[in-house]
Amino acid sequence: MTSSRMTRSDLLLPKSGRWHLAAVAFAAICALLVLGCSTTASAGPNSDTVVVQNITDETFDPQGEVQAATPPPAPTAAPAAPAPATGVDLQAIKPNELGTIPILEYHMIVAAEEDQWAITPDHFRQDLQRLYDAGYRPINLNDFLDGRIDIPAGTSPVALTFDDSSPGQFRFLERDGQLVVDPESAVGIMEAFEAAHLDFKARGTFNVLPEAEQPNKLFGQPEYEAEKLRYLVDHGFEIGNHSWWHQRLDIVDDEEVQRQLAFAVKSIQQAVPGYNVRTLALPLGMWPAAQALAIQGAFDGSSYGHDAVLLVGSDPAPSPYSKDYDPYYLERVQSFGDSVERWITYLEQHPDEHYISDGDPSTVTFPKVLESQLNTGALGNQTARAY
Ligand SMILES: [Zn+2]
């Protein structure tokens, strides 16, 4: 270890075992900046009971700690199965499929000045290039949840998420009578990057707000709302729940929690019939009082069932094969300033913490020293291989 080697304490972002006060404050500022200081909810088209929530009126209580949903009990460890023969040179590639996976959390992509909630299109391109050069390959969150991580040997998965459905994430332009994706919006940037780097797929999860005030209502172009949601699904992206209009779920009753989450799903499914919304990004990272309602509930004939809950901040997430993995408590890396660069550098310097693929989705390969971290119950049809 050299003096220049980065440690976790060098990272600006706090390490959090579970929830972190800094992340709460970060999330509070997020709401104010992203949604505007006078954010009020717009009435849903079918809504009789309009809840108007002024986020700035809320005093943030860092002691009002967010607790994790109770993680499922980890199965008893069992020895890894015998290693199957493959053509991969384990010592050269050093796969570690028990390592952590960054889930990046983006907000606004804007040409204007950057802040904690906004980066420029060029900055976003630089992030993609840095990820590519460092051997990352994008995967969708649903594949992560399913333990279906199919990337080449020696590469590492990364998941991109985008909160609040702001226009810079996905904008259509009319050119010569044709509708095209704005090459300066996140979707356009990812698609152009894939065209230039065919082994770096345009993947990501958009945690949308179907009834927020503009410009956050489904990317801010009312005439294209449904078309954009269909486009995302048709082009390999995912749609996640972020509530109907960014309602803080910790300050409303059980009924409103379910209305916010069920109607968000209903709105998404009106555009994309049958779409399975599997993930919830908690608005401001705040849990409802009845935490189970973040995962499952129903309102007025509409229901939802999430397979994962995403937090605001701060570390890379555990491997889905690790005993540390809890799909209802997935941390994310906030993407602003040089945070992506810093995490990439950190993980490069700590390969023992870093997920590196063996290139074979049917095996889960890891250094023998990490064997006790394996959750054998997560293996499904896969074979564990320690080396
Ligand atoms: Zn948000």
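Read the figures in this text as sums done on the coordinates, not as results from a lab. Computed from a predicted model, the values in this text were never measured in an experiment. Backbone-built Cβ (ideal geometry, glycine too); neighbour counts: all protein chains shown.
Roughly how many debye, to the nearest 20, is the charge dipole of the stretch 126-284 about its Cα centre, given +1 on each Lys and Arg Cβ, -1 on each Asp and Glu Cβ, and no other charges?
It works out to roughly 280 debye.
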(request) Compute the relative contact order of the stretch 98-358 as a whole-number percentage, counting only Cα pairs closer than 8 Å that sit 6 or more residues apart in sequence. (result) 24 percent
(request) Using every pair of alpha-carbon atoms in the stretch 294-387, split the distances into 10 Å bins beginning at 0 and state the percent of pairs per bin, rounded to integers. (result) 13, 35, 32, 15, 4, 0
(request) Rank these for me by crowding, 224, 355, 136, going from fewest to most other beta carbons within 10 Å. (result) 224, 136, 355
(message) Through the Karplus equation 6.51 cos²θ - 1.76 cosθ + 1.60, θ set to phi - 60°, convert the phi angles of the stretch 172-188 into ³J(HN,Hα) values in whole Hz; use x for Gly and Pro.
(response) 9, 10, 9, 10, 6, x, 9, 8, 10, 6, 4, x, 9, 8, 4, 4, x
(message) Name the residue from 219, 128, 233 whose Cα lies farthest towards the positive end of the charge dipole of the stretch 98-358, charges +1 on Cβ of Lys and Arg and -1 on Cβ of Asp and Glu.
(response) 233
(request) Would you mind ranking 219, 299 so that the residue whose beta carbon has the fewest other beta carbons within 10 Å leads the list? (result) 299, 219
(request) Hey, can you grab everything whose amide H is under 5 Å from the amide H of residue 354? Only 5+ residues off in sequence or another chain; H modelled, so Pro and N-termini drop out. (result) 100
(message) Quick one: 3J(HN,Hα) in Hz for the stretch 119-125, Karplus 6.51/-1.76/1.60 with θ = phi - 60°, rounded, Gly and Pro as x.
(response) 10, 7, x, 5, 4, 4, 4
(request) Name the long-range amide H neighbours of residue 384: under 5 Å, sequence gap of 5 or more, or other chain; modelled H, no Pro or chain starts. (result) 81, 364
(request) Would you please give the residues with an amide H less than 5 Å from that of residue 161, counting only those at least 5 places away or on a separate chain, with H modeled from the backbone geometry? (result) 104, 105, 106, 205
(message) What translational diffusion coefficient, to the nearest whole µm²/s, does the stretch 98-358 have by Stokes-Einstein, given a Kirkwood radius computed over alpha-carbon pairs, a temperature of 10 °C and 1.306 mPa s viscosity?
(response) 86 µm²/s
(request) Would you kindly state how much longer the chain becomes between residue 176 and residue 92 on full extension, computed as 0.36 nm times their sequence separation minus their alpha carbon distance, in nm to one decimal? (result) 25.1 nm
(message) Taking θ = phi - 60°, what integer Hz values does the Karplus form 6.51 cos²θ - 1.76 cosθ + 1.60 yield along the stretch 141-151, in sequence order, with x for Gly and Pro?
(response) 4, 5, 5, 4, 4, 8, x, 10, 9, 10, 10
(request) Order by neighbour count: 127, 360, 338, fewest other Cβ atoms within 10 Å first, most last. (result) 338, 360, 127
